[in-house]
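Some notes on the structure that comes next.
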Amino acid sequence: LALVEAAGLTGDPTSGRSLPSIDDPKAQLGAQLFFTQSFGGDSDSACVTCHHPALGGGDNLSLSIGVGAEIPALLGPGRFHDSAAIHFDGGPTVPRNAPTTFNIALWDQALFLDGRVESLGKTPGRNGDDASGIRTPDSDFGVADPDAGATLAAAQARFPVTSPEEMRGFIFEAGNSNDAVRVSLANKLTNTGAWAAEFNAAFGDPTISYDRIAEAIAEYERSQVFVNSPWKAFVEGNTNAISESAKRGAMKFFTSIEAGGANCVSCHSGDFFTDEKYYVLATPQIGRGKGDDNGILSNDDFGRFRETGVATDKYRFRTPTLLNVEVTGPWGHAGAYTSLEGVVRHMLNPAEAVANYDFSQLDPNLQAGDMLINTQFALDQLEANRVGNVSDAHRDVVFTDDDVTDLVEFLKTLTDPCVKDRICLAPWIPDASDPDPDGLRLNAIDYTGALL
């Protein structure tokens, strides 16, 4: 507990925040919008396709398949790209792992793994530090998007519908601007005549616009607050809330490398367990990549460098929160690790983990043939940052198998039991008794055919 006190932890990352309830009218509308396939250009995908509450607020896949799935309603393991779909190559279509929507309201600085949606007023270390507003892909770097909305979640909700691989598809509004896509989707809802009453209940009048759509979806996502973990109980004084192994893991987590720890807290800081900054960690690069050319291959992903153009930002990705990390895998920017043990070992020694990487953990259809070549470039960047004394360069840790076990047990204490309980999650998952205005709700199933 002395280390906890030194880290300034209270156990409650929601303190001082105004957060919506899932019972709020806008959040209720947002739930309906989140689950409707109306926003898929081909009506075969929805927000929930990659972010289902019963799948940890993600999709439990290394890399997502948005449009063009064999069975659009099948989410998680067993979801495959249809061989007749556009750009079929046998594997997943989306180049990065789907981040969880759980606790999205607790992010202050940026969303997306490269921070392409970011709060200009809360992002340190740049010109215009004290600017206000939110920058998005629709605005230049460092410039606020006037249409971003009031929250990071609302700004983020404007973009999956514009991605051909995620939701838009390759025919709907092809070649048109992001705004044209959004206007067309809002008109689609208006023209059905089925959504007017729902928008009236949430906003006080029946007008449908994409700004309102994004706001409602954001309020639904922002209501997904799951922080009541055993760790929270421990920090609040219940010393029996976590196991002895987890306590040893916490010691390793919070202790500096010089003192024999792993210093995980240097990046995973605060009650939200992230500093919201960007680091080179060289987690394996698998999948289609972002189309970045490293001189040998053109299916790499340069991470934060794609936004800033700063050389030392190449292969940097945002520090994830560790709250509920037990259920939000696979882990890494491309979902290359399918076990907590695997990703913990990587964090302790990236080069060793890549050298010993077990390819059998991946779905055979996943594009992984170029992993070692692409990932070596990230490892080289990490080493260059170390040699160049870049202040935040990740450092290797001396560890034992027992250390890994203890760290994993500690990470599991950050899980709110609700996220593993389908009944507890029910308020965030519409059922047959809830409104389905356009009849396009995605009633998700798993690979066995059971409802999620």
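The values are calculated or read from the model by the stated rules, or taken from the named source; none is laboratory data. Keep in mind it's a predicted model, so treat the numbers as computed, not measured. Note that we place each Cβ from the backbone using ideal geometry, even for glycine, and neighbour counts take in every protein chain shown. All accessible areas refer to the heavy atoms of the entire protein, side chains included, with ligands and DNA or RNA removed. Shrake-Rupley method; radii C 1.70, N 1.55, O 1.52, S 1.80 Å.
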Can you name every residue in segment 425-439 that is outside any loop (DSSP other than H, G, I, E, B) and open to solvent by 50 Å² or more (accessible area, probe 1.4 Å)? Pro427
Quick one: which helices (runs of 4 or more DSSP H) sit completely within segment 251-360 and have at least 2 residues that are open to solvent by less than 20 Å² (accessible area, probe 1.4 Å)? 340-348, 350-355
Output for segment 200-229, where each listed residue is in a loop (DSSP other than H, G, I, E, B) and open to solvent by less than 30 Å² (accessible area, probe 1.4 Å): Ile208, Ser223, Gln224, Phe226, Val227, Ser229
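Listed here are the residues, each with its yes/no results for (1) under 30 Å from Ala259 (Cβ atoms); (2) among the hydroxyl-bearing types (Ser, Thr, Tyr).
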| site | (1), (2) |
| --- | --- |
| Asn324 | yes, no |
| Thr328 | yes, yes |
| Pro350 | yes, no |
| Val354 | yes, no |
| Met371 | no, no |
| Ser391 | yes, yes |
| Thr405 | yes, yes |
| Val408 | yes, no |
| Asp416 | no, no |
I'd like the full set of residues that are in contact with a helix residue (DSSP H, G or I) (Cβ under 6 Å, 6 or more places away or on another chain) and small (Gly, Ala, Ser), limited to segment 158-188. Ala186
Condition (residue is at pLDDT 95 or above, within 21 Å of Asp363 (Cβ to Cβ), β-branched (Val, Ile, Thr) and open to solvent by 10 Å² or more (accessible area, probe 1.4 Å)) applied to segment 97-118: is it met by at least one residue? yes
List the number of the failed condition for Ser18; all other conditions in (1) assigned to a helix (DSSP H, G or I); (2) over 20 Å from the mean Cα position of the chain (by Cα); (3) over 22 Å from Thr162 (Cα atoms) hold. (1)
Does Arg182 count as without any contact (Cβ under 8 Å) to a residue 60 or more places away in the chain, part of a loop (DSSP other than H, G, I, E, B) and either closer than 24 Å to Ser64 by Cβ or among the hydroxyl-bearing types (Ser, Thr, Tyr) (or both)? no
Taking segment 148-165, which residues are closer than 29 Å to Ile86 by Cβ and not basic (Lys, Arg)? Ala155, Gln156, Ala157, Phe159, Pro160, Val161, Thr162, Ser163, Pro164, Glu165
Gly78 is checked against (1) assigned to a loop (DSSP other than H, G, I, E, B); (2) open to solvent by 20 Å² or more (accessible area, probe 1.4 Å); (3) within 30 Å of Trp231 (Cα to Cα) and fails just one. What number does that condition carry? (3)
Filter pass, Asp403 being outside any loop (DSSP other than H, G, I, E, B), surrounded by 19 or more Cβ atoms within 10 Å (Cβ to Cβ), more than 25 Å from the chain's Cα centre (by Cα) and not aromatic (Phe, Trp, Tyr): yes
Residue identified as in contact with a strand residue (DSSP E or B) (Cβ under 8 Å, 6 or more places away or on another chain), free of Cβ contacts under 8 Å to residues at least 12 places away in the same chain and not hydrophobic (A, V, I, L, M, F, W, C) among Asp313, Asp293: Asp293
Test: Leu366 is touching a residue at least 60 places away in the same chain (Cβ under 8 Å), within 22 Å of Glu276 (Cβ to Cβ) and either touching a helix residue (DSSP H, G or I) at 6+ places or on another chain (Cβ under 9 Å) or not in a strand (DSSP E or B) (or both): no
Would you check if Glu173 is part of a helix (DSSP H, G or I) and more than 22 Å from Tyr220 (Cβ to Cβ)? no
Test result for Pro137, at pLDDT 95 or above, part of a loop (DSSP other than H, G, I, E, B), farther than 30 Å from Ser360 by Cβ and open to solvent by 50 Å² or more (accessible area, probe 1.4 Å): yes
Look through segment 1-60, keep the residues that are among the charged types (D, E, K, R) and open to solvent by 60 Å² or more (accessible area, probe 1.4 Å), and return whichever of them is modelled with the lowest pLDDT. Glu5
Criterion first (open to solvent by 60 Å² or more (accessible area, probe 1.4 Å), within 18 Å of Ala262 (Cα to Cα) and assigned to a helix (DSSP H, G or I)) does Glu383 satisfy it? no
Identity of the residue in segment 230-250, out of contact with any helix residue (DSSP H, G or I) (no Cβ under 8 Å at 6 or more places or on another chain) and part of a loop (DSSP other than H, G, I, E, B), that ends up most open to solvent (accessible area, probe 1.4 Å): Asn240
Limited to segment 440-452, what total is found for residues that are assigned to a strand (DSSP E or B) and of a type outside the set (A, V, I, L, M)? 1
